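Undergrad: My questions all concern the structure below.
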């Protein structure tokens with residue numbers, strides 16, 4: 001049963017994911033990097049990066065089009081540090097009404113698959 005739900009989830013992701021992963025298209029987007037990982041964990045358009053009320057936990061490099069999340073725990077509890085950083089960023093977005101799509105509400109926290 002578990003295998004079926006994983007297969008269905010993967011099928012849904014493949015069906016709904018419309019991001020152009022080809023290198024020539026991906027170069028137009030900012031890449032989001034998590035601490036200790038060289039693979040991007042997300043892509044953002046420039047308008048989102050410019051509008052986002054970044055905290056000191058995130059390093060935005062406009063030349064290389066990257067956003068890097070820093071590990072403020074220095075490796076002691078990276079997962080907790082990342083969760084806290086994203087939570088603070090979402091809270092800022094809610095408080096400042098940065099994105100209308102958030103509607104002033106928090107979402108359910110979830111694990112980032114593939115994060116070290």
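Bear in mind these aren't lab numbers, they're just calculated from the coordinates by the rules spelled out. On a predicted model such as this, the values are computed, not experimentally measured, just so you know. Positions of Cβ are generated from backbone atoms using ideal geometry, with glycine treated the same way; all protein chains shown enter the neighbour counts.
Undergrad: When the scattering of segment 28-102 is computed by the Debye formula from its Cα atoms alone, each counted once and equally, what is log10 I(q)/I(0) at q = 0.27 Å⁻¹?
TA: Cα-only, vacuum Debye calculation for segment 28-102: -1.35.
Undergrad: Figure the gain on full extension for residue 92 and residue 64 (residue separation times 0.36 nm, minus the Cα-Cα span) and round it to one decimal in nm.
TA: 7.6 nm
Undergrad: Would you list 38, 72 from fewest to most Cβ contacts within 10 Å?
TA: With the fewest neighbours first, 38, 72 line up as 38, 72.
Undergrad: Exposure proxy check: 41, 28 ranked by fewest other beta carbons within 10 Å?
TA: 28, 41
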